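The structure under discussion appears below in the form of structure tokens.
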Amino acid sequence: MQFTVGEPAGMTADILQQPVSAPLAPVVASARDERSFHTLDGLRGVAALAVAVIHITGFTHRNFLGGRHIVFGGLAVDFFFVLSGFVIAHAYGRKLTQGMGLGGFLRVRIIRLWPLYVLAIAIAVAQFGVERWLTPNVWTWKSLGLVALTSLVMIPAPLFGFNNEPMFLLNPATWSLAAEMIVNTIYAAMARHLGGARLLILCAIAGGVLLWRFLHHHGGSIGVEWSGLDIALARAAYGFFMGVLIYRLHESRPCRFALNGWLLIVPLAVMLLGPTDPGWRPWYEPISALLVFPLIVYVGASSRLDAVSRRICLFFGGISYALYVLHSPLGRTAEWTAGLLHQSLSSDLADFGLLAAFVIAAFVADIVYDQPVRKALTRMFGGKRMRLEPAALNAPPG
């Protein structure tokens, strides 16, 4: 972000003075837009892969490919939040200021998120149910039913106490989806009154809470557990509203240089999976989440990719949500099945195999299940003017 002497007020003033209903151009309105968002698809795919990789270490009980411990892969969620704010502002910012109500917005979001989420919960319930039947454990049928019902509506069900217990027992990814739905609802309800100054205030408040928690949690809960409820909401609020702010900045003052998208995709992968020193945590986490990720999205929105790279990014961006929401119940099922058969998952082959299986399962679930179900739900509940929300930024609506 450069400020030039010849600019009368600079980009910050542009955002502050921007009306609530600032013009939001369609994706393909110009040559700039045509090249813009494929890189963001690729970045989203990298973040989803990073989350899957760090969770594979929990299923195999060893470091991925026998390497060193991955410390900062969880920051991928913070990147997701920023990207989500950008995408939602692009897709619905104008609609929300020109007549789309909160109910209509939530209906679109539920149709987008819930089919795959329900599938993930069903896989988890089936696995835990078979485990309870074969090897009775702490679960009872009553507790499993309660957790299943509350999980379906993204409400935590504390069965074993608070503090260091996960808020969502069947699928750890639920915490981020629930936090995002809360922030999405706030955004949609406030959209007509959410000018640039108010956006900056929201980002400053959430960013302050997030910075304090990053500096003081010392490797503890980052939002998954009950003790991290505040940071879960702060991470979602800061990332999402900063993403909305970045989108408005992109529309009014796009990045002046168009980088090759791989110059952002590869560094993001290195940022998430490369560093292994926990001593970096006090400065690495806040700098990444508060500053670097918004900058990557801003620059990435104006980047370029060749045709082959665009197809690769479109593929991984298209399956990113399915990969994110399905990999935990699938991995837990694989881990339990291996234990039941007295087999070990502690090998490079198992690492690669699980990651490949997650990608394939996400692709199949997206094509065979998610897209048809969402189309059917859109026809049933969406109304005549509602179109299917695409899985990837550059996918044509169905």
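The values are calculated or read from the model by the stated rules, or taken from the named source; none is laboratory data. Worth saying up front: this structure is predicted, and the values here are computed from it rather than measured. We place every Cβ from the backbone using ideal geometry, glycine too, and count neighbours over all the protein chains shown.
For region 176-214, the set of residues classified as of a type in the set (Gly, Ala, Ser) and under 22 Å from residue 291 (Cα atoms) consists of 176, 179, 195, 196, 197, 204, 206, 207, 208, listed by residue number. Annotation: residue 360 fulfils all but one of (1) out of contact with any Cys (no Cβ under 6 Å at 6 or more places or on another chain); (2) crowded, with 16+ Cβ neighbours inside 10 Å; the unmet one is (2).
Here residue 233 qualifies as of a type in the set (A, V, I, L, M), under 17 Å from the mean Cα position of the chain (by Cα) and surrounded by fewer than 20 Cβ atoms within 10 Å (Cβ to Cβ). Scan region 191-200 for residues that are among the aliphatic types (A, V, I, L, M) and surrounded by fewer than 16 Cβ atoms within 10 Å (Cβ to Cβ) and the total you get is 1. Residue count for region 163-190 under the criterion of being in a helix (DSSP H, G or I) and within 15 Å of residue 84 (Cβ to Cβ): the result is 14. Within region 281-319, the residues that satisfy the criterion of being touching a strand residue (DSSP E or B) at 6+ places or on another chain (Cβ under 9 Å) and small (Gly, Ala, Ser) are 303, 309. Exactly one residue out of 274, 243 is within 21 Å of the chain's Cα centre (by Cα) and crowded, with 17+ Cβ neighbours inside 10 Å, and it is 243. Selection of region 133-148 for residues being touching a residue at least 12 places away in the same chain (Cβ under 8 Å) and under 30 Å from the mean Cα position of the chain (by Cα) yields 143, 144, 146, 147, 148. Working carefully through the options 130, 53, find the one that is in contact (Cβ under 8 Å) with a residue 12 or more places away in the chain, in a helix (DSSP H, G or I) and β-branched (Val, Ile, Thr). That would be 53, the only listed residue that is in contact (Cβ under 8 Å) with a residue 12 or more places away in the chain, in a helix (DSSP H, G or I) and β-branched (Val, Ile, Thr). Here 300, 317 are screened, and the one residue that is within 21 Å of residue 356 (Cβ to Cβ) and crowded, with 24+ Cβ neighbours inside 10 Å is 317. Restricting attention to region 33-48, the residues that are in contact with a Leu (Cβ under 8 Å, 6 or more places away or on another chain) and surrounded by fewer than 23 Cβ atoms within 10 Å (Cβ to Cβ) total 1. Of the helices (runs of 4 or more DSSP H) lying entirely inside region 253-312, those containing at least 3 residues that are modelled with pLDDT of 95 or more span 262-273, 293-300. A single entry from 110, 123 fulfils the requirement of being touching a Pro at 6+ places or on another chain (Cβ under 6 Å) and in a helix (DSSP H, G or I): 123.
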